[in-house]
Amino acid sequence: DIQMTQSPSSMSASLGDRVTITCQASQDIGNNLIWFQQKPGKSPRRMIYYATNLANGVPSRFSGSRSGSDYSLTIISLESEDMADYHCLQYKQYPLTFGSGTKLEIK
Amino acid sequence: EVKLVESGGGLVQPGRSLKLSCAASGFNFNDYWMGWVRQAPGKGLEWIGEINKDSSTINYTPSLKDKFTISRDNAQNTLYLQMSKLGSEDTAIYYCAREGPYWELFDYWGQGVMVTVSS
């Protein structure tokens, strides 16, 4: 199975901060990665698909990037509504595998 | 409007079976692969498996392949997850999700249904 190592597991940041969350893939997955946001008690919401593409309706302060086997989700200016858990998912190879998640809190 | 609505969850005793449903509307169900994902309390997301448009291909995460069965009824626009030999480790929220082509992959999710395995 492809392991997705997600970091950090939790973080706290201030409004307006630039925030970056990373997933490292244990094998080549190309750009076959999705980022999800999940607020408490809610279903996951797709934020970024194919590693770098902004999903419909997602604010432009979110972006996705790739450097080799490292994939990043960046929020360029943190807003209060961004407090949530974030998950990455690789779909290059079966079984599909998620990262362990990042809990983002607002200071 | 695309909607996915899960049902069939609840409290079930260890070793018993349970069947979840996911009713789809607002899109042509026949044109999409569909999948199931679960989330144990306080834990991350786990992909369970997926089914293609005509049920000819079903993929599972290996650890669940012998316990869970995914099926669909295109006439009823409904996806199913049959779970057997349930244990406490299966206690989770179960989500169905649309698995379209890459630009629509996991773009819509149901609200989730809770399954609690306990005596």
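Only the coordinates and a few stated rules stand behind these numbers; no lab work does. Remember, it's a predicted structure, so these values are computed and weren't measured experimentally. Cβ placement follows ideal geometry from the backbone for every residue including glycine, while neighbour counts extend to all protein chains displayed.
For the reader, a short list of remarks on this structure follows.
- Along each principal axis, Cα extent of chain B, largest first, Å: 40, 27, 25
- FRET efficiency, A:Ser10 to B:Ser84 (Cβ-Cβ, R0 41 Å, nearest 0.05): 0.70
- Inter-centroid distance (Cα atoms) of segment A:62-84 relative to segment B:3-20, Å: 35 Å
- Sequence-distant residues sharing a close amide H with A:Ser12 (under 5 Å, placed H): A:Glu105
- Per-residue average of Cβ from other chains inside 10 Å of A:88-100: 5
- Pairs from the table (B:Lys19/B:Lys67; B:Lys19/B:Lys43; A:Lys42/B:Lys43; A:Lys42/B:Lys19) lying more than 18 angstrom apart at Cα are B:Lys19/B:Lys43; A:Lys42/B:Lys19.
- Centre separation in Å (Cα based) which lies between segment B:53-119 and segment A:1-33: 25 Å
- Mean-square fluctuations from a GNM of chain A, with a 10 angstrom spring cutoff on Cα atoms, peak among A:Tyr94, A:Tyr50, A:Tyr86 at A:Tyr94.
- For segment B:26-80, a simple Cβ point-charge model (Lys and Arg +1, Asp and Glu -1, everything else neutral) yields a dipole of about 200 debye relative to the Cα centre.
- For B:Lys85, the aspartates and glutamates whose Cα falls under 16 Å of its own Cα, not counting residues fewer than eight places away in the same chain, are B:Asp66.
- Close amide H partners of B:Thr61, meaning residues 5 or more places away or on another chain with modelled amide H under 5 Å apart, are B:Gly49.
- Straight-distance crosslink candidates among lysines, where the alpha carbon sits under 21 Å from A:Lys92 and sequence neighbours closer than 8 are dropped: B:Lys53, B:Lys65
- Rounded to the nearest 20 debye, the dipole size of segment A:42-107 about its Cα centre is 180 debye, using +1 on the Cβ of Lys and Arg and -1 on the Cβ of Asp and Glu.
- Coupling constants for segment B:42-58 follow from the phi torsions by the Karplus curve (6.51 cos²θ - 1.76 cosθ + 1.60, θ = phi - 60°), and in residue order they are x, 10, x, 8, 10, 6, 8, x, 8, 9, 7, 4, 10, 6, 7, 10, 10 Hz; glycine and proline get x.
- Computed over Cα pairs, the Kirkwood radius of the protein assembly as shown leads via Stokes-Einstein (0.692 mPa s, 37 °C) to a diffusion coefficient of 183 µm² per second.
- Net lengthening on full extension, B:Arg16/B:Asp66 (0.36 nm per residue, minus Cα-Cα): 16.6 nm
- Cysteines not pairable in the protein assembly as shown (beta carbon separation under 4.7 Å absent): none
- Peptide A:35-48, shielding by other chains (average Cβ, 10 Å cutoff): 3
- Formal net charge of residues neighbouring B:Met83 (Cβ-Cβ distance under 11 Å; K, R +1; D, E -1): +4
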